[in-house]
Amino acid sequence: MIKVTDNIFTLSTCDTTYGFALLESGHLEHLYYGPRVENLTIASKSQQELANGNSIQYSAEFPTLSMEGTCFEYSGEGKGDIREPFIELIYPDGSRTTDFVFDSYDILDKKAELTTLPSSYDENNKAKSLVINLKDKNHDVTLKLIYSVFEESNCITRSSVLINNMDEKIRLTRLMSTQVDFNEGDYTMHTFRGAWTREMEKYETAVSGARIVNASFAGTSSSRANAFIMLSRGAVSEEYGEVYGFNLIYSGNHYESVEDTSYHKVRLLTGINPQGFEFVLGKGEVFESPEAVMSYSDKGFTALSHNMHEFVEQNIVRGEWKNAWRPLLINSWEAAYFKFNEKSLLSLAKAAAKVGIELFVLDDGWFGKRDDDTSSLGDWYVNEKKLPHGLEGLIHKINGLGMKFGIWVEPEMVNVNSDLYRAHPEYVLEIKGQEHSEGRTQRILDLTNPEVCDYVIDSMSKIFSIEGITYVKWDMNRIFSDAFSPYLGAEHEGEVFHRYVMGFYHIMEVLTKKFPHILFEGCSAGGNRFDLGILCYFPQIWASDDTDALYRVRAMTNYSYGYPMRTLSAHVSTVPNHQTLRITPLSTRYNVASFGPFGYEMNLCDLSKDELETVKAQVAQYKKWREVYFNGDFYRGRCDNFHEWTVVSKDKKRAIGLVMQELNIANNPNLIYNVKGLKKDATYKFYNIEEKINIRTFGDLINTASPVHIKNDSFMQRLLAKFYKMQGETEEFVLSGEEAMHSGIRLKQAFGGVGFNERVRLFTDFSSRLYYMEEQE
């Protein structure tokens with residue numbers, strides 16, 4: 001709901017209200033963002049009778065208006081607000097002072113859309129939008145502030161548009177998407193940072209007397225700093241306390257800052273990173289900032305996450321795969337890397353078909369002369385030495401096994417050792433005559449150049465048009481260096497990063513509309529471009545190249561604060577893990593990965609008979625519960641040495657729970673699983689699937705029960721383990737949802753070194769269990 005009363009603008013969702021007021025000076029004072037309030041009045045406005053000491057008086061007409069000490073919806077340079085600005089631009093005479101004041105407003109009975117960038121959408125036509133038109137008092141330049149309200153998800157979006165109506169050019173050096181000025185408060189900024197194979201490490205920083213910045217200058221949204229941040233106030237937990245969430249629909253350099261300013265106001269800004277950014281606007285030209293998303297909860301992190309999940313699922317992800325279950329896949333990468341041929345791929349595919357896998361994905365190495373990562377990117381023709389019958393022949397054989405086919409591409413990249421680079425060196429972002437600093441022995445195509453974008457579209461269209469391709473993994477394996485466009489020219493080189501993103505979005509827009517039936521998965525050296533901009537085109541993203549279950553349970557927990565699990569691709573890989581060399585149980589690898597779009601990335605041909613039977617059972621169980629995994633509401637529990645997840649179906653009749661242990665602690669027998677999200681007054685059956693235990697787990701402890709001595713890791717021990725399995729514990733209760741959530745479920749006693757039987761839970765390092773809950777009539 002949007003309403004305007006007495007020059008106060010109020011934007012309300014089901015549970016929140018955002019408000020600001022028009023001052024007599026023409027500026028917009030931010031009043032409030034928090035729990036829903038039916039009416040905001042002048043009581044929420046600041047009262048300034050005298051100018052603050054050692055501050056700037058805005059004008060002779062408004063001498064008491066202290067720009068530095070007021071909460072605003074936007075801010076500029078030169079008029080006394082010396083905090084970090086919302087907008088910075090340079091006028092033709094070199095001046096930098098901006099003074100945008102109110103001109104008019106429009107309320108739209110629809111979601112306002114951007115024309116140069118992807119944005120959220122509303123297919124149910126329930127969203128409302130507010131457009132505030134501002135004009136610089138001294139120049140013919142217009143600034144639009146655009147707000148859209150999504151009531152059901154408790155989300156509000158913001159973006160800004162700058163229009164140059166002057167005859168001369170202006171240079172824009174900063175335009176943020178969101179500014180929220182908080183009057184006061186005990187705030188903590190929550191950020192998610194990291195690097196390749198360790199994305200989304202969670203950090204908490206008190207906002208006190210400083211400016212805290214979370215930003216990317218990698219050319220992508222980057223694994224170094226995800227654009228999703230949270231701002232909490234006071235004490236906060238999963239179910240209690242005030243927390244704000246902010247994200248950006250953008251895949252390039254981003255910037256989020258929170259500053260405790262001189263008058264103890266707290267200013268939050270999000271948008272394009274101004275570092276290295278300059279955009280030249282001629283007469284009549286327009287610049288749009290990316291759309292930002294914000295939400296508020298006074299019921300802790302879980303409610304905020306559910307707001308964000310609903311918004312992403314219903315207002316970001318789109319197309320045929322928006323609400324469609326994802327196929328269960330096998331990916332060839334960690335099974336084969338570059339070393340494969342048609343015969344070895346078909347052996348892997350046959351093994352996958354036997355256990356019930358639905359989709360075969362051929363990863364890197366199938367094109368050009370691609371035997372390693374030093375050549376052939378850009379040469380998108382099949383390597384007939386590896387695939388003598390071409391992709392068509394391989395696809396036909398894969399389909400004959402009852403599986404669909406998917407393929408890996410990296411269209412934005414080129415190797416110097418490629419036919420494309422030799423023919424078109426001008427297609428690349430590089431400085432002519434200077435040594436280029438490469439990443440992964442590859443360079444980046446210049447997507448600011450329409451001719452290059454057309455090349456990518458044409459070359460990918462030829463591949464995607466091959467009959468039988470139903471899935472595409474779109475990769476981008478490096479960050480930017482020497483970012484210079486031969487196409488743009490010197491005056492516009494400050495536009496390279498943003499225009500690259502615009503070109504990339506154009507390519508995705510064309511290809512996803514041209515091939516709507518294909519399931520696209522985003523990837524960028526793992527999570528180096530995990531953002532809402534990608535999710536506008538690709539409904540899922542490969543969250544990390546680290547497939548280790550211990551890392552994944554931590555990372556997926558942290559992703560879940562702002563992103564739904566259905567967007568986080570997750571695979572079961574082999575052990576020792578290829579990124580950490582850690583050995584974790586096959587059951588744990590499945591238990592963690594099953595919560596996202598799910599698959600295997602290992603050489604199934606190398607598994608033992610017992611392991612293949614386990615994988616087959618996992619696949620069958622996943623298919624039985626796939627609807628709950630995909631459509632259910634996700635809840636985080638503890639996250640320390642133990643990890644708890646619960647996903648509950650929308651009707652709350654079925655639920656799946658994960659409990660995972662990091663390191664075992666001696667003589668620590670008791671464990672309570674704290675269920676979440678069930679109906680209080682419903683009765684549920686709670687149970688697990690029994691696991692058989694390999695006697696080798698106990699080492700030479702088996703001699704305490706064996707009539708003959710069995711040497712540890714001996715032939716006799718391995719032979720015995722082949723034919724004899726010990727029975728694992730089972731849990732089965734019938735109880736109310738209320739009891740399960742409030743009292744928790746006391747799991748069977750853990751092994752503590754004093755004996756073992758089928759009523760004892762064997763919970764070693766990295767062990768886990770899945771628990772199932774079904775409502776009873």
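The values are calculated or read from the model by the stated rules, or taken from the named source; none is laboratory data. These numbers were taken from a predicted model, which means no experiment stands behind them. Because the Cβ atoms are built from the backbone with ideal geometry, glycine has one as well, and the counts that use them run over all protein chains shown. For accessibility, only protein heavy atoms count, side chains too; no ligands or nucleic acids. Shrake-Rupley method; radii C 1.70, N 1.55, O 1.52, S 1.80 Å.
Couple of notes before you dig in:
- Selection from segment 380-412 of residues that are part of a loop (DSSP other than H, G, I, E, B) and open to solvent by 10 Å² or more (accessible area, probe 1.4 Å): Trp380, Tyr381, Asn383, Glu384, Lys385, Lys386, Pro388, His389, Leu401, Gly402
- Qualifying residue in segment 460-476 (condition: more than 23 Å from Ala225 (Cβ to Cβ), acidic (Asp, Glu) and more than 25 Å from the chain's Cα centre (by Cα)): yes
- The set of residues in segment 501-519 that are of a type in the set (Phe, Trp, Tyr) and either touching a Leu at 6+ places or on another chain (Cβ under 8 Å) or at pLDDT below 95 (or both) comprises Phe504, Tyr505.
- Gly737 satisfies every condition listed in (1) closer than 25 Å to Val647 by Cβ; (2) touching a helix residue (DSSP H, G or I) at 6+ places or on another chain (Cβ under 8 Å) except (2).
- Subset of segment 221-238 [within 22 Å of the chain's Cα centre (by Cα) and not in a loop (DSSP other than H, G, I, E, B)]: Ala225, Ile229, Met230, Leu231, Ser232
- Number of positions in segment 566-589 that are part of a helix (DSSP H, G or I) and open to solvent by less than 10 Å² (accessible area, probe 1.4 Å): 2
- Odd one out for Gln776, checked against (1) modelled with pLDDT of 95 or more; (2) open to solvent by less than 50 Å² (accessible area, probe 1.4 Å): (2)
- For segment 195-217, filtering for residues that are under 18 Å from Asp545 (Cα atoms) and buried (at least 22 other Cβ atoms within 10 Å of the Cβ) leaves 2.
- Residue satisfying all of: in segment 218-238; without any contact (Cβ under 8 Å) to a residue 40 or more places away in the chain and open to solvent by 30 Å² or more (accessible area, probe 1.4 Å); farthest from Thr157 (Cα to Cα) among these: Ala235
- Residue that is farthest from the chain's Cα centre (by Cα), among those in segment 137-149 that are of a type outside the set (Lys, Arg) and open to solvent by 10 Å² or more (accessible area, probe 1.4 Å): Asn138
- In segment 706-755, of all residues being hydrophobic (A, V, I, L, M, F, W, C) and surrounded by fewer than 12 Cβ atoms within 10 Å (Cβ to Cβ), the one that is nearest to Thr683 (Cα to Cα) corresponds to Val734.
- When Asn247, Asn323, Asn331, Asn307 are checked against the criterion of being at negative phi and touching an Asp or Glu at 6+ places or on another chain (Cβ under 6 Å), a single residue qualifies: Asn331.
- Scanning segment 365-378 for residues that are assigned to a loop (DSSP other than H, G, I, E, B) and surrounded by 21 or more Cβ atoms within 10 Å (Cβ to Cβ) yields Gly365, Trp366, Ser376, Leu377, Gly378.
- Scanning segment 47-66 for residues that are in contact (Cβ under 8 Å) with a residue 40 or more places away in the chain and more than 15 Å from Phe102 (Cβ to Cβ) gives a single hit, Asn52.
- Scan of segment 159-169 for residues that are part of a strand (DSSP E or B) and either surrounded by fewer than 21 Cβ atoms within 10 Å (Cβ to Cβ) or within 19 Å of the chain's Cα centre (by Cα) (or both), ordered by number: Val161, Ile163
- For beta carbons closer than 7 Å, sequence separation of 6+ or different chains, a first residue in segment 349-365 that is farther than 16 Å from Glu611 by Cβ and of a type outside the set (Phe, Trp, Tyr) and a second that is in a helix (DSSP H, G or I) and open to solvent by less than 10 Å² (accessible area, probe 1.4 Å), the qualifying pairs are Ala349/Ile398; Leu362/Leu345.
- Taking the criterion of being of a type in the set (D, E, K, R), within 40 Å of the chain's Cα centre (by Cα) and assigned to a loop (DSSP other than H, G, I, E, B), the residues of segment 721-768 that qualify are Glu729, Glu731, Lys748, Asp765.
- Looking only at segment 628-645, and only at residues there that are over 21 Å from the mean Cα position of the chain (by Cα) and open to solvent by 60 Å² or more (accessible area, probe 1.4 Å), the one that is nearest to Tyr673 (Cα to Cα): Arg638
- Within segment 239-263, tally of residues that are assigned to a loop (DSSP other than H, G, I, E, B) and either open to solvent by 30 Å² or more (accessible area, probe 1.4 Å) or free of Cβ contacts under 8 Å to residues at least 12 places away in the same chain (or both): 4
- Residue match in segment 703-713 (condition: within 20 Å of Pro585 (Cα to Cα) and more than 34 Å from the chain's Cα centre (by Cα)): yes
- Near pairs, Cβ below 8 angstrom, 6+ apart or cross-chain, from segment 505-533 (closer than 15 Å to Trp321 by Cα and assigned to a loop (DSSP other than H, G, I, E, B)) to any residue that is open to solvent by 10 Å² or more (accessible area, probe 1.4 Å) and of a type in the set (Val, Ile, Thr): His517/Thr470; Ile518/Ile469; Ile518/Thr470; Ile518/Thr512
- Sole exception among (1) of a type outside the set (Lys, Arg); (2) buried (at least 24 other Cβ atoms within 10 Å of the Cβ); (3) assigned to a strand (DSSP E or B) for Thr547, by number: (3)
- Cβ-Cβ under 8 Å pairs, at least 6 apart or on other chains, segment 462-476 side touching a residue at least 60 places away in the same chain (Cβ under 8 Å), far side open to solvent by 10 Å² or more (accessible area, probe 1.4 Å) and basic (Lys, Arg): Gly468/Lys404; Thr470/Lys404; Tyr471/Lys404; Met476/Arg529
- Leu89 meets the conditions (1) under 29 Å from Asp167 (Cβ atoms); (2) open to solvent by 20 Å² or more (accessible area, probe 1.4 Å) in every case but one. The failed one is (2).
- Some residue of segment 53-73 being closer than 30 Å to Ala303 by Cβ, open to solvent by less than 60 Å² (accessible area, probe 1.4 Å), in contact with a strand residue (DSSP E or B) (Cβ under 7 Å, 6 or more places away or on another chain) and among the β-branched types (Val, Ile, Thr): no
- Of residues in segment 550-561 being hydrophobic (A, V, I, L, M, F, W, C) and more than 14 Å from the chain's Cα centre (by Cα), the one surrounded by the fewest Cβ atoms within 10 Å (Cβ to Cβ): Leu550
- A count restricted to segment 1-26 and to residues that are in contact with a helix residue (DSSP H, G or I) (Cβ under 8 Å, 6 or more places away or on another chain) and open to solvent by less than 10 Å² (accessible area, probe 1.4 Å) stands at 3.
One line per residue, one yes/no per condition, for (1) buried (at least 20 other Cβ atoms within 10 Å of the Cβ); (2) touching a helix residue (DSSP H, G or I) at 6+ places or on another chain (Cβ under 6 Å); (3) not small (Gly, Ala, Ser):
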| site | (1), (2), (3) |
| --- | --- |
| His492 | no, no, yes |
| Val501 | yes, no, yes |
| Tyr505 | yes, no, yes |
| Gly522 | yes, yes, no |
| Phe530 | yes, no, yes |
| Ile534 | yes, no, yes |
| Trp542 | yes, no, yes |
